[in-house]
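Below is one structure, written out as structure tokens, with a few remarks after it.
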Amino acid sequence: MNGILDVLIDIASTPAILVALIAVLGLVLQKKPISDIMRGGIKTFVGFLVVTSGANVIVASLEPFGEMFQQAFNVSGVVPNNEAIVALALEEFGTYTALIMLAGMFFNIVIARVTKFKYIYLTGHAMLYMACLIAVILTTTGMKGAVLVLVGGLALGIANAIFPAIAQPYTRMITKNDSVALGHTGNFGYAFSGFIGKLVGNKEKSTEDINFPKGLAFLRDSTVSITLTMSVVYVIVAIFAGGDYITANLSDGTNSIIFALQKAGTFAAGVFIILAGVRLILAEIVPAFKGISEKLVPNSIPALDCPIVFPYAPNAVLIGFFSSFLGGIFSLVIMALTGSVIILPGVVPHFFCGATSGVYGNATGGLRGAVVGSFLQGILISFMPIFLMPVMGNLGFAGSTFSDTDYGVVGIFMGSIANVGGQIAVISGIVAVLVVMILMTIFGKKQQTNN
């Protein structure tokens, strides 16, 4: 039994396999020829592997940057890193996490079927991490066994339906249609960035319309501009970190400046790989998903990982990253001055969440929206962990924490009501959210009938 469960969890938490199977199912439901089914499934599978490879390349280039930054400016504190905190949590909560994830996928499909929240969350690792957070918080209430799995699965299913819906008005502005949604654990922050962009910016002045002098027209090529910009940033941080430190601890003896330039180029290569993979995925998953949206869950929309929006505004990706990271540095200074817990600006979350926030801010407010929206989102993901850590029991003092906004929203909501009323309060709160979703669906249908 455990062996079967392990296989199911491996499939569900591996986006390339999960989404490829979804694509195959969609094509089968459309009664496509076997050749089309095989092509769609394989190209979707390969496309996700390309995106994952690009993400891994970026992470590998950013990790030494984070270490150089801490060395250069002599800062220490809690490092937000989803992978690190989940790795610690799975040692104790692994079985509950796996069962909550599977239950959450089931509840997500049911909710999408019966309510107006038609989003099918397909980002497997994000579901796994959220399931882990939910397991940790429910365990602190003393809940266990089948009740914990069912309550946790319902909470995950609700989250998987709500968060894509929160961001969808802005996602639609980016993609120009409803063929795809965003399924990532920073959706609340992306919607926040889109909202801020609308308040402060002008969407007519897009980041993608930046006018370069004739002699600098080559900078309109995103690969060139990202490489040059990141090279400057890496070299500056390398100089402050010190060549001796870098050669002794990071570069295996390679000159520190050469090492910095290499990592900057690697970062740009990772972005290039992601963009290529996203185009491949969207070309296959959108038409394939039509079968599911017509046969199983009418009008359903696939919610995919955050890089799906990168090709729509490559300049905003880089601008959002820098602005979010600056928001993290600003927050660090405020924390130090006020004597609170210091949350270090994690480079990886600030890239993926900041870059995506830049795209959303740009969609509603152009260049100014991208800068301000992602900067404030950077502040948000810096301060949210401070309020999340106390509700995570002993795990809240593990030296790392969850980084993205959706973890903060779910964790603070569930943890706060658990502290007030224990298990009954948590169950009541989760059911209340579901009731609101159902009522919104009923009243939405009545309005459509009256119109």
- [ ] Exactly one condition in (1) of a type in the set (A, V, I, L, M, F, W, C); (2) under 16 Å from the mean Cα position of the chain (by Cα); (3) surrounded by fewer than 24 Cβ atoms within 10 Å (Cβ to Cβ); (4) modelled with pLDDT of 90 or more is not met by Val372; state its number.
- [x] (2)
TODO: Give the residue, chosen from Glu67, Glu91, Glu63, that is free of Cβ contacts under 8 Å to residues at least 12 places away in the same chain and open to solvent by 60 Å² or more (accessible area, probe 1.4 Å).
DONE: Glu91
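Considering every residue within the range 315-326, establish whether at least one is out of contact with any Lys or Arg (no Cβ under 8 Å at 6 or more places or on another chain), closer than 30 Å to Gln30 by Cα, open to solvent by less than 10 Å² (accessible area, probe 1.4 Å) and part of a helix (DSSP H, G or I). It would help to see each step written out before you state the result.
Narrowing the range 315-326 to residues out of contact with any Lys or Arg (no Cβ under 8 Å at 6 or more places or on another chain): 315-326.
From what is left, the residues that are closer than 30 Å to Gln30 by Cα are none.
No, the conditions are met nowhere in the range 315-326.
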Open item on the list: Report every pair of residues separated by at least 6 positions or lying on different chains whose Cβ atoms are under 6 Å apart, first residue within the range 122-147 and farther than 17 Å from Leu102 by Cβ, second open to solvent by 30 Å² or more (accessible area, probe 1.4 Å) and charged (D, E, K, R).
Closed with: none
Open item on the list: So Lys118 passes all but one of these: (1) open to solvent by 10 Å² or more (accessible area, probe 1.4 Å); (2) within 24 Å of Pro349 (Cα to Cα). Which condition number does it fail?
Closed with: (2)
Task: Selection count, the range 271-291, where residues are aromatic (Phe, Trp, Tyr) and out of contact with any strand residue (DSSP E or B) (no Cβ under 8 Å at 6 or more places or on another chain) - done: 1
Task: Residue within the range 346-369 that is farther than 26 Å from Ala60 by Cβ, open to solvent by 30 Å² or more (accessible area, probe 1.4 Å) and in a helix (DSSP H, G or I) present - done: yes
Open item on the list: Being under 19 Å from Ser300 (Cβ atoms) and assigned to a helix (DSSP H, G or I) is true for just one of Arg113, Arg39. Which residue is that?
Closed with: Arg113
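Have a look at Met105, Met101, Met143, Met127 and point out the one that is farther than 30 Å from Gly365 by Cα and outside any helix (DSSP H, G or I).
Values: Met105 fails: outside any helix (DSSP H, G or I); Met101 fails: outside any helix (DSSP H, G or I); Met127 fails: outside any helix (DSSP H, G or I).
Only one candidate passes the filter, namely Met143.
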Task: Every residue from the range 277-302 that is assigned to a helix (DSSP H, G or I), open to solvent by less than 50 Å² (accessible area, probe 1.4 Å) and among the small types (Gly, Ala, Ser) - done: Gly277, Ala288, Gly291, Ser293
Task: Of all residues making up the range 170-204, the number that are closer than 25 Å to Val110 by Cβ, open to solvent by less than 60 Å² (accessible area, probe 1.4 Å) and assigned to a helix (DSSP H, G or I) - done: 3
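The values are calculated or read from the model by the stated rules, or taken from the named source; none is laboratory data. Since we're looking at a predicted model, the values are computed, not measured. Neighbour counts run over all protein chains shown; Cβ positions are idealised from the backbone, glycine included. Note: accessible area is taken over every heavy atom of the protein model, side chains too, but ligands, DNA and RNA are not part of it. Shrake-Rupley method; radii C 1.70, N 1.55, O 1.52, S 1.80 Å.
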